[in-house]
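The structure appears right after this line, and notes come after that.
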Amino acid sequence: LMSEFCKVPFLAEFSRPVSLLHPELVTLYSKIIHHPMDLGHICRAIRRREYKNTRAIQLDVWRVFSNCVKFHMHPNARDNAIPSFISIAMHLRDFFNSLWQEYMMASDAPPRAPGKGISHVHSAFQKRAEARKERLLQVSQTLLTPKCLQK
């Protein structure tokens with residue numbers, strides 16, 4: 001999942017700590033963001049098997065993007081904020097969520113008992129298949145505008 005996710009453009013700003021990428025923002029950033037997280041840290045923790053479960057990985061990835069949105073929307077960061085980062089973070093979060101659905105959920109429903117109607121399990125898998133088609137359609141139609149790509 002993470003190797004597929006890390007192929008996406010725009011991840012450079014999220015792959016290392018803000019303190020390394022933008023040392024001039026460290027003081028302000030640490031006042032606004034109390035639990036900094038970056039994708040490089042997550043990938044190292046996965047390789048070292050430091051996560052107790054997959055939910056913890058998911059929460060840390062979400063934290064990366066929520067920290068970005070929180071910082072760039074904070075009134076004290078107005079002079080250093082880059083509004084397009086909010087849009088990029090939201091797109092990346094949505095893309096991560098769609099990959100999570102694809103890779104982390106079982107692909108096939110268990111076999112149905114003969115002569116029985118659709119069970120709640122099979123109904124859930126059917127809904128998931130429909131949601132997958134919708135997500136893939138949305139992701140394939142997502143375009144970042146030139147304005148979004150500017151600083």
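The values are calculated or read from the model by the stated rules, or taken from the named source; none is laboratory data. These numbers come from a predicted model, not from an experiment. All Cβ positions, even for glycine, are placed from backbone atoms using ideal geometry, and neighbour counts span all protein chains on display. Each accessible area value is taken on the protein alone, full model and side chains, heavy atoms only, with ligands, DNA and RNA left out. Shrake-Rupley method; radii C 1.70, N 1.55, O 1.52, S 1.80 Å.
Figures for the structure shown
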quantity	calculated
Matching residues in the stretch 32-47 - criterion: being at pLDDT 95 or above and open to solvent by 20 Å² or more (accessible area, probe 1.4 Å)	HIS34, HIS35, PRO36, MET37
Selection count, the stretch 13-34, where residues are β-branched (Val, Ile, Thr) and either touching a Pro at 6+ places or on another chain (Cβ under 7 Å) or closer than 20 Å to SER87 by Cα (or both)	3
Qualifying residue in the stretch 63-76 (condition: within 20 Å of LYS7 (Cβ to Cβ), among the basic types (Lys, Arg) and open to solvent by 30 Å² or more (accessible area, probe 1.4 Å))	no
Qualifying position, being at pLDDT 80 or above, of a type in the set (Val, Ile, Thr) and either open to solvent by less than 60 Å² (accessible area, probe 1.4 Å) or farther than 30 Å from ILE33 by Cβ (or both), among ILE82, ILE118	ILE82
Flag if ARG55 is modelled with pLDDT of 85 or more and under 18 Å from SER15 (Cα atoms)	no
Criterion: in contact with a helix residue (DSSP H, G or I) (Cβ under 7 Å, 6 or more places away or on another chain) and hydroxyl-bearing (Ser, Thr, Tyr) - qualifying residue of SER66, SER19	SER19
Any helices (runs of 4 or more DSSP H) falling wholly within the stretch 1-75 and containing at least 2 residues that are over 19 Å from the mean Cα position of the chain (by Cα) and more than 19 Å from ASP94 (Cβ to Cβ)	18-21, 26-32
The stretch 76-96 - residue that is part of a helix (DSSP H, G or I) and in contact with a Lys or Arg (Cβ under 8 Å, 6 or more places away or on another chain) and, of those, farthest from GLU134 (Cα to Cα)	ASN76
